[in-house]
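Accompanying notes for the structure given below.
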Amino acid sequence: MDKNTVVEFTGRQETADPLTELLRRGARELLQQAIEAELSTFMEGFKNRRLDNDRAAVVRNGHLPERDIQTGIGPVKERGMNAPELAIGDGAIGFWAALEETYPETRQQRCWVHKTANVLNKLPKAGQPKAKRFLYDIWQAETRADAEKAFDTFIKTYEAKYPKVSECLLKDHEELMSFYDFPAKH
């Protein structure tokens, strides 16, 4: 059973042989044409399928204009949603880009649960409970001033020994504190 049946291939380096290069280019073009033909046939089968607003239900990626932000209840602007004052989410770039495009005046708040997990992942297991308490003190502070004080304490505690931990928290500092500008009404 120790017979090796693996066939080693040489690297895919470019050859200096012009004929081989011409054949490769031709093969690539033929494949591209075959894929385009197959895609056209596929799209043709769905051309009569429409959404309720008479837009095409199936579109080719990158060939039609972008659509509105879509939620589980439908497009937000078409449903008459006003711009939210504050949006809360993790670091998903696509969400923030879509929000910025649709509601540029909306403030951003990073999710403390996600940020806590990201920060703790940069620490050894033994140090995570203490750091978690420090982070809890930030987002559970009564006022922004108290939160900033707790934030500074966290940075001073971890910056020297764990710079990546501090960087992870510092990079979203403003977005982590946004909700303090919207105090709860009691």
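The values are calculated or read from the model by the stated rules, or taken from the named source; none is laboratory data. Since this is a predicted model, take the numbers as computed values, not measurements. Cβ placement follows ideal geometry from the backbone for every residue including glycine, while neighbour counts extend to all protein chains displayed. Ligands, DNA and RNA are stripped out before the accessible areas are found, and what is left, the full protein with its side chains, is counted by its heavy atoms. Shrake-Rupley method; radii C 1.70, N 1.55, O 1.52, S 1.80 Å.
For GLU175, the accessible area of its heavy atoms, probed at 1.4 Å with every protein chain present, is near 50 square angstrom.
The phi torsions of the stretch 111-126, fed into the Karplus equation with coefficients 6.51, -1.76 and 1.60 and a -60° offset, translate into couplings of 6, 5, 5, 5, 5, 4, 4, 5, 5, 4, 5, 8, 10, x, 3, 5 Hz, rounded to whole numbers, with Gly and Pro shown as x. A straight Cα-to-Cα reach below 27 Å connects LYS156 with the lysines LYS115, LYS122, LYS125, LYS130, LYS132, LYS164, LYS171, residues fewer than 8 places away in its own chain not being considered. For THR143, neighbours were defined as the other residues whose beta-carbon sits under 12 Å from its Cβ, and their charges (Lys and Arg +1, Asp and Glu -1) total -2.
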